[in-house]
Amino acid sequence: MLPGLHVIGAGGHAKVIVELAYATGRNIAGIYDDQYERHPGVLGYTVTGPIASLPDTSDTHAIIAVGNNRFRQVIDGRFQHVTWATLIHPFSWVSPSARLGPGTVVLAGVVVQAQATLGRHVIANTGCSIDHDCAVGDYVHLAPGSRLAGGVHLGEGSFLGTKASAIPGINVGEWSIVGAGAVVSRSLPANITAVGAPAKVIKERPTGWQND
């Protein structure tokens, strides 16, 4: 029997993760959120308490159910011993040669092709596709319906908006944001926001902006 799963986060994304846990045969052992008074429960489960009350032991199997990339990175760094679960929805397809890091979630309708790699705490959201030889960095969020052609590299903490796409071999720098529906036809630097088809940079940020 699989160990119970502790869920960090009690917002909208947590609802999806709780149902993903059901679909993978996991029971919910607890739900943790620092705004537990604002979010008293998720799909019938009462929030156990603040995030700090999660036991930091290897026997604690947990998943971070927070859509914000920076918050997932921060929470990951707070726990040194937790066993991070990797969840794959049964109605998705992941190549046997692909590699998924701890804490990564693959939601319904996702396709991950040959020798793609996904780092720690990646969100491959509903119906996105990640083609062969893509390298998706830690804490990346691929929004619903986004598309990566072969050999695309997404830097740590980057975000690809709903139905955005990238042509083969493109690089997107760390902590950059690609807007919904954008088409990335040229590589993009770190710490920017890009929108449109083709995607153009509309905002640049200093290194470390996500810490503000």
* **Every residue from the stretch 80-99 that is farther than 19 Å from Ala14 by Cα and aromatic (Phe, Trp, Tyr)** => Trp93
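Looking at Gly169, Gly196, Gly137, can you tell me which residue is surrounded by fewer than 17 Cβ atoms within 10 Å (Cβ to Cβ) and in contact with a Gly (Cβ under 6 Å, 6 or more places away or on another chain)?
After ruling out the rest, the residue left standing is Gly169.
Out of the residues in the stretch 173-193 that are of a type in the set (Val, Ile, Thr) and under 16 Å from the mean Cα position of the chain (by Cα), which is surrounded by the fewest Cβ atoms within 10 Å (Cβ to Cβ)?
Initial filter on the stretch 173-193 (of a type in the set (Val, Ile, Thr)): 177-178, 183-184, 192-193.
From what's left, under 16 Å from the mean Cα position of the chain (by Cα): 177-178.
On the way: Ile177: 23, Val178: 27.
Within the stretch 173-193, the match that is surrounded by the fewest Cβ atoms within 10 Å (Cβ to Cβ) is Ile177.
Do we find a residue being of a type outside the set (A, V, I, L, M, F, W, C) and within 23 Å of Lys163 (Cβ to Cβ) anywhere in the stretch 47-61? Lay out the reasoning, then the answer.
Going residue by residue through the stretch 47-61, those that are of a type outside the set (A, V, I, L, M, F, W, C) are 48-50, 53, 55-61.
Narrowing the set further to residues that are within 23 Å of Lys163 (Cβ to Cβ) leaves none.
No, the conditions are met nowhere in the stretch 47-61.
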* Structure fact -> Every listed condition ((1) surrounded by 21 or more Cβ atoms within 10 Å (Cβ to Cβ); (2) farther than 22 Å from Thr162 by Cβ) holds for Pro102 save (1)
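Can you tell me which residues in the stretch 111-126 are surrounded by fewer than 24 Cβ atoms within 10 Å (Cβ to Cβ) and of a type in the set (A, V, I, L, M)? Full working, then the answer.
Step one: list which residues in the stretch 111-126 are surrounded by fewer than 24 Cβ atoms within 10 Å (Cβ to Cβ), which gives 111, 113-115, 117, 119-120, 125-126.
If the condition is that a residue be surrounded by fewer than 24 Cβ atoms within 10 Å (Cβ to Cβ) and of a type in the set (A, V, I, L, M), then Val111, Ala114 are the ones that fit.
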* To do: Evaluate the stretch 62-76: report whether one residue or more is in contact with a strand residue (DSSP E or B) (Cβ under 6 Å, 6 or more places away or on another chain), among the small types (Gly, Ala, Ser), farther than 21 Å from Val122 by Cβ and assigned to a loop (DSSP other than H, G, I, E, B).
  => no
* Where Phe159 falls short, out of the listed (1) at pLDDT below 95; (2) of a type in the set (Phe, Trp, Tyr); (3) touching a His at 6+ places or on another chain (Cβ under 9 Å) -> (1)
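The values are calculated or read from the model by the stated rules, or taken from the named source; none is laboratory data. Since the model is a prediction, treat every value here as computed from it, not as a measurement. Note that we place each Cβ from the backbone using ideal geometry, even for glycine, and neighbour counts take in every protein chain shown.
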